[in-house]
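Okay, so here's the structure we're looking at.
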Amino acid sequence: MRRSTPAKGLALAVFAALTMTLAAPPATATPPAAAPLAALAAPDISVTNIQAHLTQFQSIATNNGGNRRAGSAGYTASVNYVKARLQAAGYTVSEQYCSSCTYPSNNLIAEWPQGPADQVVMFGAHLDGVSAGPGINDNATGSAALLENALVLASQNPSMTKRVRFAWWTDEEQGLNGSRFYVNSLNATQRGYIKGYYNFDMVGSTNGGYFINRITSTTAAPLKAYWDSLGLQPEENVEGQGRSDDYSFQQGGIPTSGYAAGASARKTSAQATKWGGTANSAYDPCYHRSCDTSSNVSATVLNRNADGIAYAIWQLAVGTGTPTNDFSVSVSPTSASVARGASTTATVSTATTSGSAQTVALSASGAPSGVTVSFSPSSVTSGGSATMTVSASATATTGTFTITVTGTGSVTRTATYTLTVTGTGGCAGGQVIGNGGFESGTSPWTASSGVITNSANQPARTGSYKAWLDGYGSTHTDTLSQSVTVPAGCSTYTLAFYLHIDTAETTTGTAYDKLTVQVGTTTLATYSNLNAASGYVLRSFNVGAYAGQTVTLKFTGTEDSSLQTSFVIDDVTLQAS
């Protein structure tokens, strides 16, 4: 949990004081209601398993300078540990790079791929700690309790009435930056899908209490119901108001709640009487200190928090019976143009949204006369993908058409693809990147200041100019982009560039500085200080999926707080033939 910010704490205190009968939920989202009593009983979450995760986080800190601060090697190793466990369990896992964070680094998002995608219940905890110590109670406890809950949900694979999304945030200790970045990245529709966000920050304090965020709200009801069943008499989390990641969601109009066991505030005599522990002592005597180790955790408090999380998940999102087998279908890109006598391709992706994976047969309808649509392979197991090839004959009907892509399994699911057939045949071909050698000034490139340069410190491959991203040895981001129109009707489309990576980093296992290559919204590749080489290396990609489209080619270089890495690019081409 970050240190208190008085203005924000006061704003949230006023908000939390409103009872649920006086405060209507925000218009952008509806608080989740507990499921009927017929919902399956929540499982018991093994505190021994959670403690095993804490041991791993302790080892990660010990092996990486004693801490897991955002942007550090310890934080990256923490992300990798959680990510590997979730992927092995079957979660859809993604990392979101927080470029505006004090220590730029990644949020980790994991979604259980069952339940309606527009009905999401979200559970989060910050994964980073402070630089003073390993950050085990603050906040490996919340992170580990969520991880074990996620693994149990996957192993039981119950039917789902809502979609469950887990998140592990970066840079919380510097001001809730990771969660704020995530919320700000959502559009209004995506925010509306999230029916409640639950936060878990410091849930194993050794002199802990039992605190609930916005305890009187409808959102908090399942959390409170579980602790009430144990006779714990929980209280409002006054100390934590405005100081953890639920505040980012509350500011975004999303209903919030969560558990906490307390930080540096002192336990009162009345609290010690009902909960045990030492009156007039801090809930966590090692808050933000080097002694916040795996020994600084109450197994009893941690166990009650973890089981309460499970109860909330099962009440809010788990149905009864065996999950129905279901899947989804999507097409990327969703539209394209093709000339008579030419063809284009797209990727058809499927995902298991409920129950077990199944065989899905692919077909298409709505193509105009002279246009054929084929799939390779023609059927997939849900979760797999296929290449869709759309071919137009020399006499194909011109115009714009909607093609329906259908997946047929135990149910039928569809996606749409917009196709424009033009009367112009043949391939315009040639090089479509402007000023690919950077010798003609900056146009038509858009670049950060100083990126296109003739500096002798990093020589060009050919000529005098090249694009030099980063190389500062401090936190820095450079970009280089160009809008390109990819001609239709060609057989091959090859994007190529020469890349030289020079670094002062000495690690052989950690990617501290990165270069991302994107076409449109697709990331083609990510390189890092681990790819450093003495000279230029040719990198090439097939970009035929973008035939007939205007897209942006973009290079983004990010550098951490120390030891420079230079990403030097020259002779960029996109050849169509």
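May I ask you to list pairs of residues, at least six apart or on different chains, whose Cβ atoms are under 9 Å apart, with the first in the stretch 358-382 being over 28 Å from Thr92 (Cβ atoms) and touching a residue at least 24 places away in the same chain (Cβ under 8 Å) and the second being exposed (fewer than 14 other Cβ atoms within 10 Å of the Cβ) and of a type in the set (A, V, I, L, M)? Close Cβ pairs (under 9 Å, with a partner that is exposed (fewer than 14 other Cβ atoms within 10 Å of the Cβ) and of a type in the set (A, V, I, L, M)) amount to Gly370/Ala394.
Got at least one residue in the stretch 350-370 being modelled with pLDDT under 90, part of a strand (DSSP E or B), surrounded by fewer than 17 Cβ atoms within 10 Å (Cβ to Cβ) and within 30 Å of the chain's Cα centre (by Cα)? For the stretch 350-370, residues modelled with pLDDT under 90, part of a strand (DSSP E or B), surrounded by fewer than 17 Cβ atoms within 10 Å (Cβ to Cβ) and within 30 Å of the chain's Cα centre (by Cα): absent. The single condition among (1) part of a loop (DSSP other than H, G, I, E, B); (2) among the basic types (Lys, Arg); (3) more than 22 Å from Leu316 (Cα to Cα) that Arg180 does not satisfy is (1). Note on the stretch 547-577: residues that are crowded, with 21+ Cβ neighbours inside 10 Å, of a type outside the set (Ser, Thr, Tyr) and at negative phi total 13.
Remark: Arg165 matches the filter, which requires a residue to be among the basic types (Lys, Arg) and under 19 Å from the mean Cα position of the chain (by Cα).
Out of the residues in the stretch 176-204 meeting the condition of being of a type in the set (Val, Ile, Thr) and touching a residue at least 40 places away in the same chain (Cβ under 8 Å), tell me which one is surrounded by the fewest Cβ atoms within 10 Å (Cβ to Cβ). Residue satisfying both the conditions and the ranking: Val183. Scan the stretch 72-115 for residues that are farther than 14 Å from Gly129 by Cα, assigned to a helix (DSSP H, G or I) and β-branched (Val, Ile, Thr) and the total you get is 1. For Gly65, state whether it is free of Cβ contacts under 8 Å to residues at least 40 places away in the same chain and of a type outside the set (Ser, Thr, Tyr). For Gly65, the condition - free of Cβ contacts under 8 Å to residues at least 40 places away in the same chain and of a type outside the set (Ser, Thr, Tyr) - is met.
Considering only the stretch 473-486, how many residues are under 17 Å from Val551 (Cβ atoms) and open to solvent by less than 20 Å² (accessible area, probe 1.4 Å)?
Summing the residues that are under 17 Å from Val551 (Cβ atoms) and open to solvent by less than 20 Å² (accessible area, probe 1.4 Å) in the stretch 473-486 gives 4.
Inclusion of Thr523 among residues that are open to solvent by 50 Å² or more (accessible area, probe 1.4 Å) and either modelled with pLDDT of 95 or more or acidic (Asp, Glu) (or both) is warranted. Here Thr76 meets the list (1) among the polar types (S, T, N, Q); (2) surrounded by fewer than 17 Cβ atoms within 10 Å (Cβ to Cβ); (3) within 15 Å of the chain's Cα centre (by Cα) almost entirely, failing just condition (2).
The rows are residues; the columns are (1) hydrophobic (A, V, I, L, M, F, W, C); (2) touching a helix residue (DSSP H, G or I) at 6+ places or on another chain (Cβ under 6 Å); (3) in a loop (DSSP other than H, G, I, E, B).
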{"residue": "Cys291", "(1), (2), (3)": "yes, no, yes"}
{"residue": "Ser295", "(1), (2), (3)": "no, no, yes"}
{"residue": "Val301", "(1), (2), (3)": "yes, no, no"}
{"residue": "Ser330", "(1), (2), (3)": "no, no, no"}
{"residue": "Ser337", "(1), (2), (3)": "no, no, no"}
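Has the stretch 272-287 got any residue that is acidic (Asp, Glu) and either in a helix (DSSP H, G or I) or surrounded by fewer than 19 Cβ atoms within 10 Å (Cβ to Cβ) (or both)?
Within the stretch 272-287 (the criterion being acidic (Asp, Glu) and either in a helix (DSSP H, G or I) or surrounded by fewer than 19 Cβ atoms within 10 Å (Cβ to Cβ) (or both)), the answer is no, since none of the residues qualifies.
Within this structure, Glu173 passes the test of being out of contact with any Cys (no Cβ under 7 Å at 6 or more places or on another chain), open to solvent by 20 Å² or more (accessible area, probe 1.4 Å) and within 28 Å of Asp284 (Cβ to Cβ). Taken as a whole, the condition of being closer than 21 Å to Asn106 by Cβ and part of a strand (DSSP E or B) applies to Tyr197.
Taking the condition open to solvent by 40 Å² or more (accessible area, probe 1.4 Å) and polar (S, T, N, Q), does Ser264 pass? Yes: the conditions hold for Ser264.
Here Gly135, Gly129, Gly90, Gly71 are screened, and the one residue that is out of contact with any Lys or Arg (no Cβ under 8 Å at 6 or more places or on another chain), modelled with pLDDT of 95 or more and either over 20 Å from Asp245 (Cα atoms) or open to solvent by less than 30 Å² (accessible area, probe 1.4 Å) (or both) is Gly71.
Scanning the stretch 397-444 for residues that are assigned to a loop (DSSP other than H, G, I, E, B), more than 26 Å from Leu574 (Cβ to Cβ) and of a type outside the set (Val, Ile, Thr) gives Gly409, Ser410.
Scanning the stretch 435-471 for residues that are surrounded by fewer than 14 Cβ atoms within 10 Å (Cβ to Cβ) and under 35 Å from the mean Cα position of the chain (by Cα) gives Ser443, Pro444, Ser449, Gly450.
Residue by residue, here is whether (1) open to solvent by 20 Å² or more (accessible area, probe 1.4 Å); (2) under 22 Å from the mean Cα position of the chain (by Cα); (3) on the phi > 0 side of the Ramachandran plot holds:
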{"position": "Ala488", "(1), (2), (3)": "yes, no, no"}
{"position": "Thr494", "(1), (2), (3)": "yes, no, no"}
{"position": "Phe497", "(1), (2), (3)": "no, no, no"}
{"position": "Ala504", "(1), (2), (3)": "yes, no, no"}
{"position": "Thr510", "(1), (2), (3)": "yes, yes, no"}
{"position": "Lys514", "(1), (2), (3)": "yes, yes, no"}
{"position": "Gln518", "(1), (2), (3)": "yes, yes, no"}
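Scan the stretch 489-542 for residues that are over 30 Å from Asn63 (Cα atoms) and β-branched (Val, Ile, Thr) and the total you get is 8. Would you be able to say whether some residue in the stretch 31-44 is open to solvent by less than 30 Å² (accessible area, probe 1.4 Å), under 25 Å from Ser257 (Cβ atoms), modelled with pLDDT of 95 or more and not acidic (Asp, Glu)? So far as the stretch 31-44 goes, no, none of its residues is open to solvent by less than 30 Å² (accessible area, probe 1.4 Å), under 25 Å from Ser257 (Cβ atoms), modelled with pLDDT of 95 or more and not acidic (Asp, Glu).
The values are calculated or read from the model by the stated rules, or taken from the named source; none is laboratory data. Source: prediction; values computed, not measured. In this analysis, Cβ positions are derived from the backbone assuming ideal geometry, glycine residues included, and neighbour counts consider all displayed protein chains. When the accessible area is computed, the model is the full protein with side chains, heavy atoms only, and any ligands, DNA or RNA have been set aside. Shrake-Rupley method; radii C 1.70, N 1.55, O 1.52, S 1.80 Å.
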